[in-house]
Amino acid sequence: MDRCDVADFDEARVAEARERLLSNDDAKELAKTFTMLADPTRVKLVAALSEMELCVGELAATLDMTISAISHQLKLLRDLHLVKGRREGRHVYYSLDDDHVLMLYQCGLLHIQHA
């Protein structure tokens, strides 16, 4: 059964569900994060960075893309705090911003591999 056809409901349960519901602002921010991760190129970037810190040139070579294209995607990911950069001489090395991003990636991967 895909839906509940019963018109009556428990008002206390609805009130409790409403209290626990995300705020509009939090829902928008979370949706932005998932939208950002809805692109296969950005998912591949996150996948590569989940394994090791890499510079733009290394990411471009790994994904067989131009440095310009990789830089554009990294900027989008940086703007949402999904990746961060660390300058070392002429290079900027990228990594995932924190363990939460890694967990998002790993949980998503486990979910699709489970099916």
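Values quoted throughout were computed directly from the atomic coordinates according to the rules given, and no laboratory measurement underlies them. Please read all numbers here as calculations on a predicted model, not as lab measurements. Virtual Cβ from ideal backbone geometry, glycine too; neighbours counted across all protein chains shown.
Listing for the model above:
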item	result
Amide hydrogen neighbours beyond the local backbone of CYS55, cut-off 5 Å, H modeled	TYR94
Built amide H within the under 5 Å cut-off of ASP97, gap 5+	VAL83, LYS84
In Hz, Karplus ³J(HN,Hα) per residue of the stretch 22-30 (6.51, -1.76, 1.60; θ = phi - 60°; x = Gly, Pro)	4, 5, 4, 5, 5, 4, 5, 5, 5
Candidates GLU51, GLU19, GLU11: whichever shows maximal mean-square fluctuation once the chain is modelled as a Gaussian network with Cα springs under 10 Å	GLU11
For the stretch 40-57 versus the stretch 72-110, the gap between their alpha-carbon centres in whole angstrom	8
Furthest towards positive pole of dipole, GLN106, LEU21, THR41, structure part the chain, Cβ charges	THR41
Per-residue [θ]222 nm for the chain (sum of -39500 (n - 2.57) over DSSP H runs n ≥ 4, rounded to 500)	-19500 deg cm²/dmol
Charge dipole magnitude, Cβ of K and R +1, D and E -1 - the chain, Cα centre, debye nearest 20	660
Top of LEU49, LEU37, LEU76 by mean-square fluctuation, Gaussian network on the chain, Cα under 10 Å	LEU76
Max mean-square fluctuation residue, GNM over the chain, Cα-Cα springs under 10 Å, options SER95, SER68, SER23	SER23
Cα-based Rg and Dmax for the chain, where Dmax is the largest Cα-Cα distance (Å)	19.2, 66
